[in-house]
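A.B. asks: Have a look at this one before I ask anything.
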Amino acid sequence: MIKAAILGYGTVGSGVFNVIKENSELINSRAGQEIEIKHVLDLRKFPGDPVESVLTDNFEDIADDPEVKIVVEVMGGIGAAYEFTKRCLEEGKNVCTSNKELVAEHGLELMRIARENDVNYFFEASCGGGIPIIRALNDCLTADDIDQITGILNGTTNFILTEMTQNDGVSFSKVLKQAQANGFAERDPSADIDGYDPARKIAILSSIIFGSSVDYKDIYTEGIRKISAEDIKYASTMGYAVKLLAEAKKTGDGVRAYVAPFLLDQNHPLYSINGVMNAVYVHGNMLGDAVFTGAGAGSLPTASAVVADVIDAARHDGKRAYCGWRHDEKLALASNDGIKRRYLVRIYTEDQGKANSVFAPDGFLDTISIGDLEEEVAFITPELSEKDFETKEKAFGKIISRIRFY
Ligand code: HSE
């Protein structure tokens, strides 16, 4: 038997408790031994809940208990989660987490502490919810040089964009409230909406495939706050979907990474990933293409990934597991300025002439009009680098919005 503790009985923590109870027989047989939850840490009381008998509000009950060999950290945030994780690793306990903020900020240091204490720090649930992407990169695609990862890595924003597309006219704030009620969204919704959450996740995945730490703060990050019902209308009219992508790609100039909304055509492998689903496209030099997809957020899908880590921790009792993210140096990202793309640009109708002379001085811009949007038109630029687009946008003046084509 191996004893475990859970730090935090919120959305994910209660999911972990329930998954371990519900599937105990098969979990124990896959772990090769019985897994018992000995403590659950939370300051709140849960009268009548089965967790009551193992609930504690004192972290020391867990840190000081030599029987506890696996700790699940699902508190979220950095402060206490960082201190508790460090302490547990130093006490020779394996730690499994869904905490992408902590992994993106201190993952390398925590893995070093784990190494020094002969235990493991597992974080499968930090990226892609229930999708087994980290294990796939660390244990399955080990024969390949992975040169690109492109993901829909945030369930909340994918849910919002899907609802906006499928229910014409539904308001952004109404859909966000629904996502929060479903337990997908972060406490501070700007981590989802402004793209910091997928930026952290692509930083973690890139650190695994490239070996050195990618700092999420270095990643160009644009969220979906500015995407309007009108933008979605243009996209749908053209047969495109708007998706918030997080990408890291090896190029001749180095690794480029960004998070931004893109227009995807129907042939793109991530076009039809809808709702809270996440998906990760991976390109390897031998493998070619692979796409991993599944539930990207929510209590049980996330708990499923955390519990898979608990099982792995039990299987690796006394042994170290491999992780590709192992080098101490930080990876310096290449500039995105030279990336060439087409853009969908919305402008006021009276500015069409100016748009033509600025964005297509040697040609003619085709425009797209939508019946009920009388005061505006949209056009598609020729391929422009990020830098050139920015220069032209400044020269043009006021555009209504712009979205990159993938
Ligand atoms: N807020 C996150 C999301 C939760 O919506 O994807 C899962 O990491």
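The values are calculated or read from the model by the stated rules, or taken from the named source; none is laboratory data. Because the structure is a prediction, the values reported are computed rather than measured. No Cβ is skipped: glycine too gets one built from the backbone with ideal geometry, and neighbour counts run over all protein chains shown. Please note that ligands, DNA and RNA were not included when accessible areas were found on the heavy atoms of the full protein model with its side chains. Shrake-Rupley method; radii C 1.70, N 1.55, O 1.52, S 1.80 Å.
A.B. asks: I want to confirm something. Restricting to region 291-311 and keeping residues that are closer than 22 Å to Leu153 by Cβ and touching a strand residue (DSSP E or B) at 6+ places or on another chain (Cβ under 6 Å), which single residue is farthest from the ligand (Cβ to nearest atom)?
C.D. replies: Val291
A.B. asks: Also: Looking at (1) more than 23 Å from the chain's Cα centre (by Cα); (2) in a helix (DSSP H, G or I); (3) crowded, with 24+ Cβ neighbours inside 10 Å, can you tell me which one Ile70 breaks?
C.D. replies: Going through (1) more than 23 Å from the chain's Cα centre (by Cα); (2) in a helix (DSSP H, G or I); (3) crowded, with 24+ Cβ neighbours inside 10 Å one by one, Ile70 breaks only (2).
A.B. asks: Can you tell me which residues in region 195-226 are assigned to a loop (DSSP other than H, G, I, E, B), within 16 Å of the ligand (Cβ to nearest atom) and either buried (at least 18 other Cβ atoms within 10 Å of the Cβ) or among the aliphatic types (A, V, I, L, M) (or both)?
C.D. replies: Those that are assigned to a loop (DSSP other than H, G, I, E, B), within 16 Å of the ligand (Cβ to nearest atom) and either buried (at least 18 other Cβ atoms within 10 Å of the Cβ) or among the aliphatic types (A, V, I, L, M) (or both): Gly195, Gly223, Ile224.
A.B. asks: Ok, one more. Within region 263-311, restricting attention to residues that are part of a strand (DSSP E or B) and free of Cβ contacts under 8 Å to residues at least 24 places away in the same chain, which residue is most open to solvent (accessible area, probe 1.4 Å)?
C.D. replies: Applying the filter and picking the extreme gives Asp289.
A.B. asks: Output the number of residues of region 1-56 satisfying the condition of being part of a strand (DSSP E or B) and touching a His at 6+ places or on another chain (Cβ under 6 Å).
C.D. replies: Residues meeting the conditions: 2.
A.B. asks: Just the residues that are open to solvent by 10 Å² or more (accessible area, probe 1.4 Å) and either under 17 Å from Val74 (Cβ atoms) or outside any loop (DSSP other than H, G, I, E, B) (or both), please, taken from region 124-133.
C.D. replies: Within region 124-133, just Gly130 meets the criteria.
A.B. asks: Sticking with this one: Quick test for you: out of Gly13, Gly32, Gly48, Gly92, pick the one residue that is open to solvent by less than 50 Å² (accessible area, probe 1.4 Å), at pLDDT 95 or above, at positive phi and not charged (D, E, K, R).
C.D. replies: Gly92
A.B. asks: Which residues, counting only those in region 134-160, are within 12 Å of the ligand (Cβ to nearest atom) and either surrounded by fewer than 17 Cβ atoms within 10 Å (Cβ to Cβ) or outside the structural domain of Asp192 (by TED's automatic domain parsing) (or both)?
C.D. replies: If the condition is that a residue be within 12 Å of the ligand (Cβ to nearest atom) and either surrounded by fewer than 17 Cβ atoms within 10 Å (Cβ to Cβ) or outside the structural domain of Asp192 (by TED's automatic domain parsing) (or both), then no residue fits.
A.B. asks: For region 93-120, which positions are among the charged types (D, E, K, R), assigned to a helix (DSSP H, G or I) and more than 16 Å from the ligand (Cβ to nearest atom)?
C.D. replies: Glu109, Arg112, Arg115, Glu116
A.B. asks: Would you please name the residue that is most open to solvent (accessible area, probe 1.4 Å), looking only at residues in region 165-194 that are over 15 Å from Ile232 (Cβ atoms) and basic (Lys, Arg)?
C.D. replies: That would be Arg187.
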